[in-house]
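Beneath this line is the structure, given in structure tokens, with notes to follow.
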């Protein structure tokens, strides 16, 4: 009942926030187009049509075509599938490892906590993007490699946030009382502590998504990410860059898509953080 | 204080060792070796090549040799550019990258502070809104998108500035802008939230009650306290500028270190990738460490509180 009214309150605070409404609508459209966009288009993302290369946006090619005559409308929505998949999977992986690590560390306390947090400190000092570049160079390209590389150091932020939440919650009376009636540590962690720390966890997850999307686009832009003929937004911006003088739509459309997606997730994450802030709950 | 310092220094050393060891063994886990793939090399030549690069020894012997080299400042040799060492590339590229990074810092720190203070002073007004839109955009537009757009509008549409390459001051304007966007947005956000917090304090209310004008209070009492954390942003900001330089230098064809990093990735020049990764990581980790120390020297509150509440 309380949980219910808390989430209802948070939802009200969220949708009364203009930027958050904008972000939710944009993301809804993006998700819908990522699912249905390639289906409603008559072309496939890799279908080459050389006589019709570099045509500007028209009734035939809604977003124009590229240097091999591939339909950009189809490719953009394929790119959306890749970007959204990577963003959400990376955020979930980071969250799973980070929540487990952070909550176990906070709940155990003492020497275990100290050791687990020192490991975090050491990994945190290692520059994220360099690790990602190094791993993709060594393991070869592909979505799986990108995800592994991003998760390697990406979970630490979540672990720290989760730990600080649980440290505060751990001292609450309802935890003492559930321990007094003999609840196991696992039960206390998964049924009492983590559900009550869900606000900051969700906000942090939402803010992880744009970082992951950026990293994928960055790697693909460098030629380390998704390989041709698959369509990633980073690859499309890179191709568009060399053609921008005569065929500007090939640069502007994918650039706008990356920006819009990252903007929406950032706005939503910030709004969620405000809406779910425990200080406002009282 | 001494305890705090030595703990931080220990963490730094362990992290450095992790990077060095991790990169070394990852590099050796790659199947094949740098000389396979070229046309049939006689076995004798291969053997002497292995002996020359020390590849005929056991992996532990190679590791120790590599560590010894690193400790004397030798980052290894490039395989693609015969006979050139990573140190040479750093000597050539670093001054250019450093100039670009410094210019970006000089733009982003004042702009970010100004934008953040302005937003906090007029909280809720259109000024606040504008500043936050700018900073949200700054965080959301990837640097490679921003630099391509800058090139598109300023060079190709308006013909105002050179598209790329390195030479005169005009060549540095667009790269500096592109590089400073993210740090500016980041600093503006943090300054705003600090400033909002500081302006709600009792001593600000006292100053207002004395009848001091809001502008003067914000600058003399507010900003001074709100700016202290700016020093702690310098750590993450230097990271953003460094990784940003990879893209910016590639797009604007600037012969800095970031550009060499991208080249070596493209050419799969493993010793160079590893050497540059270690160099970049060391720079970043040491600068984060220095920022930490500077901050704890300047703000006495940190020294007392942080060892206990570091993560709370």
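The values are calculated or read from the model by the stated rules, or taken from the named source; none is laboratory data. Predicted model only: the values in this text are computed from it and were never measured. Cβ: placed from backbone, ideal geometry, glycine included. Neighbour counts: every protein chain shown.
Any residue at all in the stretch A:138-159 that's within 9 Å of another protein chain (Cβ to nearest Cβ), at pLDDT 80 or above and within 25 Å of residue B:238 (Cβ to Cβ)?
no
Give the residues of the stretch B:209-263 that are within 30 Å of residue B:87 (Cβ to Cβ) and either outside any helix (DSSP H, G or I) or in contact with a strand residue (DSSP E or B) (Cβ under 8 Å, 6 or more places away or on another chain) (or both), sorted by residue number.
B:252, B:253, B:254, B:255, B:256
Among the numbered criteria (1) under 28 Å from residue A:139 (Cβ atoms); (2) in contact with a helix residue (DSSP H, G or I) (Cβ under 7 Å, 6 or more places away or on another chain); (3) more than 14 Å from chain A (Cβ to nearest Cβ), which one does residue B:28 miss?
Of the numbered conditions (1) under 28 Å from residue A:139 (Cβ atoms); (2) in contact with a helix residue (DSSP H, G or I) (Cβ under 7 Å, 6 or more places away or on another chain); (3) more than 14 Å from chain A (Cβ to nearest Cβ), the odd one out for residue B:28 is (3).
Can you tell me which of (1) in contact (Cβ under 8 Å) with a residue 12 or more places away in the chain; (2) in contact with a helix residue (DSSP H, G or I) (Cβ under 6 Å, 6 or more places away or on another chain); (3) buried (at least 22 other Cβ atoms within 10 Å of the Cβ); (4) within 14 Å of another protein chain (Cβ to nearest Cβ) is the one residue B:179 doesn't meet?
The failed condition is (4).
With (1) closer than 28 Å to residue A:273 by Cβ; (2) within 22 Å of the chain's Cα centre (by Cα); (3) within 9 Å of chain B (Cβ to nearest Cβ) as the list, and residue A:97 as the residue in question, which single condition is left unmet?
(3)
Scanning for something within 22 Å of the chain's Cα centre (by Cα), facing chain B (nearest Cβ under 10 Å) and more than 29 Å from residue A:23 (Cβ to Cβ), does the stretch A:211-223 turn up at least one residue?
Checked against the condition, which is being within 22 Å of the chain's Cα centre (by Cα), facing chain B (nearest Cβ under 10 Å) and more than 29 Å from residue A:23 (Cβ to Cβ), the stretch A:211-223 yields at least one hit.
From the set of residues in the stretch A:241-264 that are at the interface with chain B (Cβ under 8 Å from one of its Cβ atoms) and in contact (Cβ under 8 Å) with a residue 60 or more places away in the chain, which is surrounded by the most Cβ atoms within 10 Å (Cβ to Cβ)?
That would be A:258.
So which of A:182, A:269, A:199 is surrounded by fewer than 23 Cβ atoms within 10 Å (Cβ to Cβ) and without any contact (Cβ under 8 Å) to a residue 12 or more places away in the chain?
A:182
Does residue B:198 qualify as being part of a helix (DSSP H, G or I), within 20 Å of residue B:132 (Cβ to Cβ) and within 14 Å of another protein chain (Cβ to nearest Cβ)?
no
Could you list, in sequence order, the residues of the stretch A:15-59 that are surrounded by 14 or more Cβ atoms within 10 Å (Cβ to Cβ) and free of Cβ contacts under 8 Å to residues at least 12 places away in the same chain?
If the condition is that a residue be surrounded by 14 or more Cβ atoms within 10 Å (Cβ to Cβ) and free of Cβ contacts under 8 Å to residues at least 12 places away in the same chain, then A:21 is the only one that fits.
Within the stretch B:72-80, can one find any residue that is surrounded by 13 or more Cβ atoms within 10 Å (Cβ to Cβ) and either more than 28 Å from the chain's Cα centre (by Cα) or part of a helix (DSSP H, G or I) (or both)?
No, the stretch B:72-80 contains no residue that is surrounded by 13 or more Cβ atoms within 10 Å (Cβ to Cβ) and either more than 28 Å from the chain's Cα centre (by Cα) or part of a helix (DSSP H, G or I) (or both).
From (1) at pLDDT below 80; (2) away from chain A (no Cβ under 12 Å); (3) over 28 Å from residue B:228 (Cα atoms); (4) part of a helix (DSSP H, G or I), pick out the condition that doesn't hold for residue B:160.
Unmet condition: (4).
From the list B:228, B:223, B:234, pick out the single residue that is on the phi < 0 side of the Ramachandran plot, more than 14 Å from chain A (Cβ to nearest Cβ), surrounded by fewer than 18 Cβ atoms within 10 Å (Cβ to Cβ) and touching a residue at least 24 places away in the same chain (Cβ under 8 Å).
B:228
Check off (1) crowded, with 20+ Cβ neighbours inside 10 Å; (2) over 30 Å from residue A:107 (Cα atoms) for residue A:229 and give me the number that stays unchecked.
Every condition holds for residue A:229 apart from (1).
Working carefully through the options A:166, A:156, A:104, A:188, find the one that is under 21 Å from the mean Cα position of the chain (by Cα) and touching a residue at least 40 places away in the same chain (Cβ under 8 Å).
Matching residue, one of A:166, A:156, A:104, A:188: A:156.
In the stretch A:229-240, what residues are within 10 Å of chain B (Cβ to nearest Cβ) and modelled with pLDDT under 75?
none
Residue by residue, here is whether (1) within 14 Å of chain A (Cβ to nearest Cβ); (2) more than 22 Å from residue B:198 (Cβ to Cβ); (3) part of a helix (DSSP H, G or I) holds:
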| site | (1), (2), (3) |
| --- | --- |
| B:90 | no, yes, yes |
| B:93 | no, yes, yes |
| B:101 | no, yes, yes |
| B:112 | no, no, yes |
| B:116 | no, no, yes |
| B:134 | yes, no, yes |
| B:138 | yes, yes, yes |
| B:145 | yes, yes, yes |
| B:153 | yes, yes, yes |
